[in-house]
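Encoded as structure tokens, the structure appears first; notes follow it.
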Amino acid sequence: MVQIATVLLALIAVATLAGLGILAYAIVFPRQPYRGPLPPLTEAEAALSQRLRRHVEAVASRPHNLAHYADLEGAACHIERELVAMGLTPHLQQYDVHGRPVRNIEVTLEPAPSSRRETAATLVVGAHYDSPDESPGANDNGTGVAALLELARLLGGPDAPERRRRLRLVFFVNEEAPYGKTELMGSLVHARSLAQSGERIDGMIALETLGHFSNVPGSQRFPFPFGLVYSNVGNFVAFVGLPRARGFVRRALRAFRTETAFPSIGGVAPGFLEGIDLSDHWAYDHCGFPAMMITDTAPFRNPFYHTRADLPATVDYESLARITLGLSRMLDRMC
């Protein structure tokens, strides 16, 4: 009996050490989010918050997906009009689903003329513009679409700094069920086209639900075991990657924190854990590219997630503006 107890204790110790090792690998340093009160909103952030609100209201006031095709087209047309008004040229990657045309919408920001464009690496930043089922999808994912539109304005304008990397900004169709993780998922169509082209992809970032925040204890939950480490206050944005993206997540998170006073955490985990691969970054990881999502972790925080109540009035536009400006500075640093 003593021998059995000793073996059991040894197995428990080994399992505990292995679990701690996995957790240490999964959590990207530094682990703790920004603490303390946020600085007052700047004039630029205040103006940006109003533009973001306008985009979310235009794209995500009603359900928009293949079951609501006219509104899906309306969302796509808003994106295209805004990009053209910025002086950018949208490229449409069109394909048919059940006899209806759908499309990814992309703008490419090339590196500086002094760079060797033919060998320059590419960073992809994307957001899906369809909504789930009967949900208007203001947070999921009108916020990601709005942020990406304003990133196009900030990064594609005449005052944008020279960059060494190519930036592909892509608005994806068909992320939500029943098309997610199928051949008809817009981001998988796009990722496969890049894989077939041989273009050198440094990484992909999916902007996924960026508009729900709370300073109330207990407003945040996590899949086990991350709740043992991270705060239960849902006031942060999370950088979440699949395992091959660990270095990429670390680099992006460090750049974001250098440029932005907003709570942020980061980590990687295998896709079988709840919520880890539930966005367009899954498609790029599937094609062999480092990929992550930047998210408010909506399924673990937002009571309106995937419901009819996910409306524009529920979005925290001030936080969305802070994050969007922080992402623009992060991408300037990374490119």
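Things worth noting here:
- Some residue of the range 92-110 being more than 23 Å from the chain's Cα centre (by Cα), modelled with pLDDT of 95 or more and either under 26 Å from Arg333 (Cα atoms) or of a type in the set (A, V, I, L, M) (or both): yes
- Take the conditions (1) within 26 Å of Glu162 (Cβ to Cβ); (2) more than 16 Å from the chain's Cα centre (by Cα); (3) of a type in the set (Val, Ile, Thr); Thr307 misses just one of them, which is (1).
- Among the candidates Glu183, Glu175, Glu162, Glu199, the residue that is crowded, with 24+ Cβ neighbours inside 10 Å, of a type outside the set (Gly, Ala, Ser) and assigned to a loop (DSSP other than H, G, I, E, B) is uniquely Glu175.
Okay, residues lined up against (1) among the acidic types (Asp, Glu); (2) over 22 Å from Cys287 (Cα atoms); (3) touching a Leu at 6+ places or on another chain (Cβ under 8 Å):
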site: Leu155; (1), (2), (3): no, yes, yes
site: Arg165; (1), (2), (3): no, no, yes
site: Asn174; (1), (2), (3): no, no, yes
site: Pro178; (1), (2), (3): no, no, no
site: Val189; (1), (2), (3): no, no, no
site: Arg192; (1), (2), (3): no, no, no
site: Arg221; (1), (2), (3): no, yes, no
site: Val229; (1), (2), (3): no, yes, yes
site: Asn235; (1), (2), (3): no, yes, no
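- Flag for Ala127 being touching a strand residue (DSSP E or B) at 6+ places or on another chain (Cβ under 7 Å) and crowded, with 20+ Cβ neighbours inside 10 Å: yes
- Residues of the range 287-325 that are among the acidic types (Asp, Glu) and touching a Pro at 6+ places or on another chain (Cβ under 9 Å): Asp310 alone.
- The sole residue among Ala309, Ala313 that is in a loop (DSSP other than H, G, I, E, B), over 24 Å from Gly227 (Cα atoms) and either among the aliphatic types (A, V, I, L, M) or free of Cβ contacts under 8 Å to residues at least 40 places away in the same chain (or both) is Ala309.
- The residues in the range 282-299 that are more than 17 Å from Thr122 (Cβ to Cβ) and surrounded by fewer than 20 Cβ atoms within 10 Å (Cβ to Cβ) can be counted, and the count is 2.
- Within the range 192-229, being free of Cβ contacts under 8 Å to residues at least 40 places away in the same chain and hydroxyl-bearing (Ser, Thr, Tyr) holds for one residue alone: Ser197.
- The condition of being assigned to a loop (DSSP other than H, G, I, E, B), in contact with a Ser or Thr (Cβ under 6 Å, 6 or more places away or on another chain) and touching a residue at least 60 places away in the same chain (Cβ under 8 Å) holds for only one of Pro63, Pro132, that being Pro63.
The values are calculated or read from the model by the stated rules, or taken from the named source; none is laboratory data. Everything numeric here is computed off the predicted structure, so don't read it as measured data. Ideal geometry is used to build each Cβ from the backbone, glycine not excepted, and the neighbour counts take in all protein chains shown.
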